[in-house]
1. Quick one: is E258 under 20 Å from L193 (Cα atoms), open to solvent by 40 Å² or more (accessible area, probe 1.4 Å), at pLDDT below 90 and part of a helix (DSSP H, G or I)?
2. D240 fails exactly one of the following numbered conditions: (1) at pLDDT below 85; (2) open to solvent by 10 Å² or more (accessible area, probe 1.4 Å); (3) not aromatic (F, W, Y). What is the number of that condition?
3. Any idea which of (1) assigned to a loop (DSSP other than H, G, I, E, B); (2) farther than 18 Å from S282 by Cβ is the one L239 doesn't satisfy?
4. So, in the stretch 261-288, how many residues would count as being open to solvent by less than 10 Å² (accessible area, probe 1.4 Å) and closer than 18 Å to L331 by Cβ?
5. What number of residues within the stretch 179-211 satisfy the criterion of being of a type outside the set (V, I, T), in a helix (DSSP H, G or I) and surrounded by 15 or more Cβ atoms within 10 Å (Cβ to Cβ)?
6. In the stretch 212-235, what residues are at pLDDT 90 or above and open to solvent by 80 Å² or more (accessible area, probe 1.4 Å)?
7. Taking interchain pairs and intrachain pairs at least six residues apart, which have beta carbon atoms under 6 angstrom, with the first residue in the stretch 310-324 and surrounded by 14 or more Cβ atoms within 10 Å (Cβ to Cβ) and the second modelled with pLDDT of 80 or more and among the β-branched types (V, I, T)?
8. Name the residues in the stretch 96-128 that are under 27 Å from L62 (Cβ atoms) and either modelled with pLDDT under 65 or open to solvent by less than 40 Å² (accessible area, probe 1.4 Å) (or both), would you?
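The values are calculated or read from the model by the stated rules, or taken from the named source; none is laboratory data. Computed from a predicted model, the values in this text were never measured in an experiment. Don't worry about glycine lacking a Cβ; one is built from the backbone with ideal geometry, like all the others, and counts go over all protein chains shown. For accessibility, only protein heavy atoms count, side chains too; no ligands or nucleic acids. Shrake-Rupley method; radii C 1.70, N 1.55, O 1.52, S 1.80 Å.
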Amino acid sequence: MVTKAAFKVSNTIIWTSSIVIGLLSSVPQLASNQFVPLEAAVNAGITAAFAVIMWYFNIYMLSQKSNRPQGQQISYAKLLNSLAFGLVLMLGLAYIQQLILSHIDFGPAMLMVEVRGILINLVFYMFLNMLQQNYENQHVSMELERFRNDNLSAQYDLLKQQVNPHFLFNSLNTLKAMVETGDQQSVDFILKLANFYRYTLESRKLDLIPLKEEMEILNAYLFLQKARFEDGFIFQNKLDDAVLDTLIPPFTLQLLVENCLKHNIVSLNRPLHIRIFMEGESIVVENQVQLRKNKEDSLGVGLKNIELKYSHLLNKKVEVINAQDLFQVRLPIIYEHRNH
């Protein structure tokens, strides 16, 4: 729920503008041949007092909860109340002015005084209404942006903690088959599986990790998949040592490779080629397209997860190139000084 914005106007603006309006109201008297300083001073004082009071009255009126229909910019009930109060106030101030300057006949000038009060009041009310609308719109925009960021953070934290249960299921099935056949690599498989889940526990609360550590996660994952698919896929790492000191959201490369294996044919007769390399300011993960006819169900922890991470952490977009025979994902390189 968006909270109501507090509406405030600087006291300096209120008092300065009121004094200026009071002085301006005496300009015609200054230009008159029969200029009387006392009359000009009283007129300026009365007008300035009216302006100050109407400033605060209109601010109070506009700060109250409004029942105007949605989409209506002006509350006509408040406007009528403001005009009525202004008329009564100006009559009272004019009476005070008459007590001070009793030698002047105020009858003919009363209409002009009221018109002046109405004009001043209208200007104040419309200005404050516009100011309030702008203030509330900005406040609502900020609240919605905060809610959007909180929502993204919640989604991001949820996705960070997700682990594909299919991967665990397949890994345990592979381990079972290795143990039953007396495979000498079954012990290494158990160690790699344990290491992979240790990486999961250690890294899931981190926003960024060194690419060197991400490659350790990926290598553990590849070892487990090699035990399952054998030579059904060929992985090539073309990354230079220099880029290993950069940063990356944890499990980014592992998720991309997992996507490659999940959505494409992996077989000894038709090995899937996966390659990672650096090009410009991007880390590129690519594979040739040989889509399966029956795709595995997706849990939404692949590309959406990665795109959300880069958007949330760096406000950067991940580039996806889906050609007819080649699929590429380009990840912006994150240098250490950009880590926030």
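1. Working: under 20 Å from L193 (Cα atoms): yes; open to solvent by 40 Å² or more (accessible area, probe 1.4 Å): no; at pLDDT below 90: yes; part of a helix (DSSP H, G or I): yes.
For E258, the condition - under 20 Å from L193 (Cα atoms), open to solvent by 40 Å² or more (accessible area, probe 1.4 Å), at pLDDT below 90 and part of a helix (DSSP H, G or I) - is not met.
2. (1)
3. Going through the list (1) assigned to a loop (DSSP other than H, G, I, E, B); (2) farther than 18 Å from S282 by Cβ, L239 breaks only (2).
4. Count: 6.
5. Step one: filter the stretch 179-211 for residues of a type outside the set (V, I, T), giving 180, 182-186, 188-189, 191-199, 201-208, 210-211.
Now restrict to residues that are in a helix (DSSP H, G or I): 180, 186, 188-189, 191-199, 201-203, 211.
Narrowing further to those that are surrounded by 15 or more Cβ atoms within 10 Å (Cβ to Cβ): 186, 189, 192-193, 195-196, 199, 203, 211.
Result for the stretch 179-211: 9.
6. K212
7. Between residues of the stretch 310-324 that are surrounded by 14 or more Cβ atoms within 10 Å (Cβ to Cβ) and residues that are modelled with pLDDT of 80 or more and among the β-branched types (V, I, T), the close pairs are Y310/V318; V318/I306.
8. Of everything in the stretch 96-128, those that are under 27 Å from L62 (Cβ atoms) and either modelled with pLDDT under 65 or open to solvent by less than 40 Å² (accessible area, probe 1.4 Å) (or both) turn out to be V113, E114, G117, I120, N121, F124, Y125, L128.
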